[in-house]
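See structure below.
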Amino acid sequence: MSMWNPRFERMPAIDLDRLQYRLAKTLAYRLYAFSPIYHARMREAGVHPDDIRSLADVKKLPFMYKRDLRDTYPDGLFTVPREELVRYHVSSGTTGKPTVVGYTERDLDLWTESLARALTSVGLSRGDVIQVSYGYGLFTGGLGLHYGAERIGATVLPTSVGNTERQVELMQDLGATAIACTPSYLLHIGEVAEKMGINLGRDTGLRTGILGAEPWSEQMRRHIQEWLGIRAFDIYGTSEISGPMFTECAEQHGIHIWRDIALIEVIDPESGEPLPPGERGELVFTMLQKEALPMCRYRIGDIAAILDEDCPCGRPHPRIERITGRVDDMLIIRGINVFPSQIEHALLELPEVGEHFQIVVDRKGALDDMLVRVEVKREAFSDKIADLMHIQRRVAHRLKNTLNVAVDVELVEPGSLPRFEGKSKRVIDKRVL
Ligand code: DLL
């Protein structure tokens, strides 16, 4: 198995412990000296960088939150002078002000290093043609993957999003072996290709998908792999930690987080207390080497668990399980917590319906009400009402079993729900809270 940077990827755990401790302590000093907000927060918590005497002491440091970035818009959390910045990215977010992130030259270098390791770990190298179909521009996906792919010596095809027929033509003509995009965009590309009479697996050289930027399920992976004849890998990151940074390795089981780059914890989102490996909770990231925008104990808002076992690939870097959703996209339907990813999981187990669905949440009186609209597969579509009602009952039954709450189901015609080029928007929340 090839590694991009064996020195770090195979570093013994004991050395990684020492390295993380030193880097975390340096980070605490950096923030204490250069971040007025975090300085104040440390004083309030009664902790000084000198108090960090072991790796475990990192837990004494106060949390950072997404709202800190918004409250200090645009650059109140930056710890370098403007002249040191070589790039900005901006994340639109769903509510309020966007978040602005900045990078020094070294920050970009480390981001690219992280991706070079990740792309190598999924089996890509010089000789591969990587089609980057994440958006280029303010979003971190396009440029992030672009430089990562160039660093490993692969050939980049920077198609960005949109103009899907042309994406398919170029993929064929230039022999793309890998594509990086959101899983929902790959579904769309696959459908458009089929309309053009092309099956991506059979008629192109495509072998690998680097898919992320939104939650997706194991069922979706299976579907994509079987339908398109490729291996699909999960990639994770957020603009606040740089952008897309970490992927699964060839084992396809959990995303490796490089310990020399980030220290991760999983906490109970209510109490803030640490949770043991294997338990799901809110991910907390401490970025150990970032210069422009150092994030320390950053509550990223995503829900995952740290896997307990060592990875057969031999890298002593912890893995996180697939992200199931965000603390803030959890829907509470009549007191029960529901994640859109559970719905995807359940629907993909039913052969009559497809992967295209939409969730409409509304409030009737004091009660939350959820409607799941799902496309029936062309093969299962029928003009007999009785057939459709049978499918509808099966879907409703399966969803109730998975979610523990009854939801309404509406079947819609194949191809009638929106398709997405970037992140999908599956939830329509009509509640006025
Ligand atoms: O989405 C960075 C990225 C680009 C990741 C390309 C992967 C590939 P943001 O726009 O800041 O950055 O959005 C970050 O997207 O907090 C998660 O909620 C979600 N997310 C990202 N990757 C995954 C994934 C980019 N693999 C937010 N699974 C994160 C589930 C993901 N959710």
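The values are calculated or read from the model by the stated rules, or taken from the named source; none is laboratory data. This is a predicted model, so every value here is computed, not measured. Because the Cβ atoms are built from the backbone with ideal geometry, glycine has one as well, and the counts that use them run over all protein chains shown. SASA here: full protein model, heavy atoms, side chains in, ligands and nucleic acids out. Shrake-Rupley method; radii C 1.70, N 1.55, O 1.52, S 1.80 Å.
Table for the structure above
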read-out: Protein-only accessible surface order, largest first, of K364, K97, K195, K377 at 1.4 Å; value: K195, K364, K97, K377
read-out: Gaussian network model of the chain, Cα within-10 Å springs - most flexible of S125, S54, S184; value: S54
read-out: For D362, net neighbour charge (Lys/Arg +1, Asp/Glu -1) across residues whose Cβ lies under 11 Å away; value: 0
read-out: Cβ crowding within 10 Å averaged over residues, with 165-177, 78-90 ranked highest first; value: 165-177, 78-90
read-out: Gap separating the Cα centres of segment 266-329 and segment 29-54, nearest whole Å; value: 22 Å
read-out: Computed [θ] at 222 nm, helices only, for the chain once each DSSP H run of length n ≥ 4 contributes -39500 (n - 2.57); value: -9500 deg cm²/dmol
read-out: Distance from segment 83-139 to segment 195-216 (C-alpha centre basis), Å; value: 22 Å
read-out: Share antiparallel - DSSP beta bridges, the chain, percent rounded to 5; value: 60 percent
read-out: Carbon plus sulfur fraction of accessible area for the chain, probe 1.4 Å, in percent; value: 50 percent
read-out: Accessible solvent surface per residue of segment 1-327, calculated while the other protein chains remain in place, 1.4 angstrom probe, Å²; value: 40 Å²
read-out: List V327, V129, ordered by accessible area with a 1.4 Å probe, largest first; value: V327, V129
read-out: The chain: projected area of the alpha-carbon convex hull, averaged over directions, in nm²; value: 21.7 nm²
read-out: Pair Y65, E218: separation of 7 Å Cα→Cβ label points (nm); value: 3.4 nm
read-out: Of K66/K425; K97/K195; K97/K400, those spanning more than 32 Å from alpha-carbon to alpha-carbon; value: K97/K195; K97/K400
read-out: Relative packing of peptides 306-315, 224-233 - highest average C-beta neighbours within 10 Å first; value: 224-233, 306-315
read-out: FRET efficiency estimate (nearest 0.05) - Cβ-Cβ, E273 to R363, R0 25 angstrom; value: 0.20
read-out: Segment 333-429 - convex hull of the alpha-carbon atoms, volume per residue in Å³; value: 100 Å³
read-out: Residue-normalised accessible area of segment 333-429, given per residue in Å² at a 1.4 Å probe; value: 53 Å²
read-out: Fully extended contour minus Cα-Cα distance, from N5 to D308, at 0.36 nm per residue; value: 106.7 nm
